[in-house]
Amino acid sequence: MRRAAPWIVLALALAFPLAMQAEHQTYYLSFASRIFVYALAATSLNLILGYGGMISFGHAAFVGTGAYVSSILLSEGVASAWIGWPAAIAASALAALAIGAVSLRTRGAYFIMITLAFAQMMFFLVNSMKAYGGDEGLSLRERASVGLGVDLGSDVAFYYTALAALAAGLYGLHRLAHSRFGRVIQAIRENEERAEAIGFPVYRHKLACFVIAGAAAGLAGALLASHGKYVNPNVLHWTHSGTLMVMVILGGVGQLWGGVIGAAGLLGLEDLIANHRMEWLAAMFPNYQQHASLGVGIVLLAIVLFAPQGIAGLARGRRA
Amino acid sequence: MPVADSTTETAGQALRFGAAGFAILGIVVAALGVMRWQSGGDRLPAPIWWGIGFGIAIPLAASLLPGAVVAALLYLLVARTRIGMLVRAGASNREMALAMGVNIRWLFTLLFGVGAGLCAVAGALLGPLLAVQVGMGENILILAFVVIVIGGIGSIRGALVGSLVVGIADTIGRAFLPILFGLFFQPRVASAAGPAIASVLVYLLMAVVLYFKPQGLFPARG
């Protein structure tokens with residue numbers, strides 16, 4: 001059962017567009033793509049936060065770098081995703097290398113704050129890029145093109161692209177977590193001094209982990225920009241880093257499916273509150289739908305208090 | 001489940017603490033939204049007793065004075081009283097303080113309340129200076145983090161120095177950087193780069209401080 005679960009989820013995800021097309025519900029196709037993209041970003045954060053024990057509060061910087069690099073290339077006429085997306089990944093990895101090299105000198109709360117500081121710097125710099133929209137953001141005429149007779153402009157094609165990226169990300173995380181490198185990373189999380197004493201190059205392992213997560217976040221950013229055909233500096237704002245962190249905590253820190261469950265849970269909950277009027281709740285609070293963040297806040301508080309391992313941890317606890 | 005050692009445990013606690021903080025922030029923001037303060041924001045008149053007669057400097061002097069008094073009281077509370085001693089003991093070694101019979105849970109809950117109360121004082125002082133609106137805490141929140149990180153977490157002296165450094169750097173940067181850039185670059189470049197660098201300056205300062213002193217300027221002992 002445990003081994004089959006991922007394949008069942010994948011099969012359901014593959015069949016989802018067929019069901020939606022039969023029902024003519026294209027909104028939820030686009031919504032699901034959005035969840036996949038955020039799930040990829042949250043999964044990459046989960047790699048450093050959950051597996052590496054590095055609480056980064058600046059992950060939006062890498063998502064934003066990917067989003068902006070791919071968008072700027074698109075607006076300059078480089079339409080091919082085969083150039084735009086690798087460029088986004090490379091730029092985010094480079095940014096993660098630079099930021100990580102400085103930030104990883106610090107620990108604990110100082111690390112949280114210095115990653116936040118770098119993300120804020122990027123936010124203000126992008127905000128002042130007048131040539132690329134400044135604080136108004138950058139609108140794209142169309143999504144990146146992948147060739148091969150596939151038109152990413154259609155929601156179905158984009159859905160499968162986002163799904164493929166997420167599946168690759170999850171598989172990568174699974175393999176990484178069980179590799180020698182992943183074991184060392186988790187050993188460092190458990191006890192840094194011990195890992196150092198055994199003889200592992202702690203700093204280099206942490207930095208490599210940070211760069212991998214940054215690169216994956218860059219891909220998520222490129223997909224995010226292509227999905228909405230629009231990008232603005234808010235994608236780098238610290239509240240966006242907070243949202244990604246909330247997704248990871250909600251889903252399960254250091255759990256393979258944590259990022260996916262968290263992204264689906266958070267975005268799903270917001271959509272549920274904002275777009276589906278529940279009469280029994282509306283009877284008590286007439287305009288509760290305008291205050292979706294209140295509901296999300298209460299649910300998050302409950303999760304943190306009653307399920308410290310997140311939703312994925314709840315399921316795991318039952319089985320053990 | 002392997003026995004978690006103290007570093008991961010603290011990190012986990014910090015994380016959960018942060019998540020709870022976020023949730024509370026969301027609830028407070030939404031609750032304020034329910035109170036229909038969404039629009040604009042109101043500038044409050046300064047309380048009567050602030051009008052001590054310093055002309056233009058009234059708001060500045062008015063917020064300096066209570067701020068200085070509160071800072072001094074806080075320093076005395078933490079450094080000179082028994083309860084301050086217990087708090088410091090609990091922060092530097094939680095298990096040991098517990099073993100000595102200190103009710104850490106109760107004490108830290110109280111401490112959290114005192115921190116929130118001090119924050120309310122700061123909010124009341126800032127009301128007349130900034131506009132009172134739902135999101136007014138967001139910018140201050142990040143700046144407050146920057147201040148304590150530059151000063152050194154857990155150090156009240158550091159917080160005082162950090163806030164002065166951050167405040168002065170930010171103000172000087174915003175006032176003079178555009179002019180300074182105007183001397184060296186084209187006006188078009190200067191008008192774009194000046195404000196951008198000025199808003200980044202505080203964070204740049206923090207990154208530089210942490211690079212050279214990863215524990216902040218005044219690391220708390222213990």
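The values are calculated or read from the model by the stated rules, or taken from the named source; none is laboratory data. Values in this document were obtained by computation on a predicted structure and should not be read as measured data. All Cβ positions, glycine included, derive from the backbone under ideal geometry; neighbour counts span all protein chains shown.
Miscellaneous remarks
- Looking across B:V189, B:V208, B:V200, B:V149, one residue alone is part of a helix (DSSP H, G or I), at the interface with chain A (Cβ under 10 Å from one of its Cβ atoms) and surrounded by fewer than 17 Cβ atoms within 10 Å (Cβ to Cβ). It is B:V208.
- Boolean, B:S92 is surrounded by 14 or more Cβ atoms within 10 Å (Cβ to Cβ) and either in contact with a Lys or Arg (Cβ under 9 Å, 6 or more places away or on another chain) or without any contact (Cβ under 8 Å) to a residue 60 or more places away in the chain (or both): no
- Yes/no for A:V231 being of a type in the set (V, I, T), more than 14 Å from every other protein chain (Cβ to nearest Cβ), farther than 20 Å from A:F181 by Cα and within 12 Å of the chain's Cα centre (by Cα): no
- Residue match in the range A:240-254 (condition: in contact with a strand residue (DSSP E or B) (Cβ under 7 Å, 6 or more places away or on another chain) and crowded, with 22+ Cβ neighbours inside 10 Å): no
- Looking only at the range A:35-80, and only at residues there that are buried (at least 24 other Cβ atoms within 10 Å of the Cβ) and in contact with a strand residue (DSSP E or B) (Cβ under 7 Å, 6 or more places away or on another chain), the one that is nearest to A:E190 (Cα to Cα): A:A67
- Residues (closer than 30 Å to A:M20 by Cβ and crowded, with 18+ Cβ neighbours inside 10 Å) located in the range A:168-198: A:G169, A:L170, A:L173
- None of B:A131, B:A159, B:A122, B:A116 is at pLDDT 80 or above and either more than 12 Å from the chain's Cα centre (by Cα) or more than 20 Å from B:V208 (Cβ to Cβ) (or both) except B:A116.
- If you go through the range A:138-152 and pick out every residue that is surrounded by fewer than 16 Cβ atoms within 10 Å (Cβ to Cβ) and either among the charged types (D, E, K, R) or within 14 Å of another protein chain (Cβ to nearest Cβ) (or both), you end up with 3.
- Residue that is farthest from A:H59 (Cα to Cα) [pool: residues in the range A:256-276 that are within 14 Å of chain B (Cβ to nearest Cβ) and surrounded by 19 or more Cβ atoms within 10 Å (Cβ to Cβ)]: A:I273
- Any hit, the range A:205-225, residues being basic (K, R), surrounded by fewer than 16 Cβ atoms within 10 Å (Cβ to Cβ) and modelled with pLDDT of 90 or more: no
- In this structure, B:A122 does not satisfy being small (G, A, S), within 14 Å of chain A (Cβ to nearest Cβ) and either touching a Gly at 6+ places or on another chain (Cβ under 6 Å) or surrounded by 14 or more Cβ atoms within 10 Å (Cβ to Cβ) (or both).
- Any hit, the range A:308-317, residues being more than 18 Å from the chain's Cα centre (by Cα) and among the β-branched types (V, I, T): no
- Subset tally (residues that are under 21 Å from the mean Cα position of the chain (by Cα) and either more than 7 Å from chain B (Cβ to nearest Cβ) or among the acidic types (D, E) (or both)) for the range A:117-137: 5
- If you check B:A116, B:A196 for being within 17 Å of A:F124 (Cβ to Cβ) and out of contact with any Gly (no Cβ under 6 Å at 6 or more places or on another chain), only one passes: B:A196.
- The range B:62-75, residues that are at pLDDT below 85 and either touching an Asp or Glu at 6+ places or on another chain (Cβ under 6 Å) or under 15 Å from B:L125 (Cβ atoms) (or both): B:A62, B:S63, B:L64, B:L65, B:P66, B:G67, B:A68, B:V69, B:V70, B:A71, B:L74
- Annotation: B:V78 fulfils all but one of (1) part of a helix (DSSP H, G or I); (2) among the β-branched types (V, I, T); (3) modelled with pLDDT under 80; the unmet one is (3).
- Here the condition is being in contact with a helix residue (DSSP H, G or I) (Cβ under 9 Å, 6 or more places away or on another chain) and either polar (S, T, N, Q) or assigned to a loop (DSSP other than H, G, I, E, B) (or both); of B:G154, B:G194, it holds for B:G154 alone.
- Remark: pairs (first residue in the range B:199-216, within 14 Å of A:L125 (Cβ to Cβ); second residue of a type outside the set (A, V, I, L, M, F, W, C) and surrounded by fewer than 22 Cβ atoms within 10 Å (Cβ to Cβ); Cβ separation under 7 Å; 6+ apart in sequence or on different chains) = B:L201/B:D170; B:L201/B:G173; B:V202/B:D170.
- Taking the range A:1-118 and the helices (runs of 4 or more DSSP H) fully enclosed by it, the elements with 2 or more residues that are touching a Ser or Thr at 6+ places or on another chain (Cβ under 7 Å) and not β-branched (V, I, T) are at A:59-75, A:81-103.
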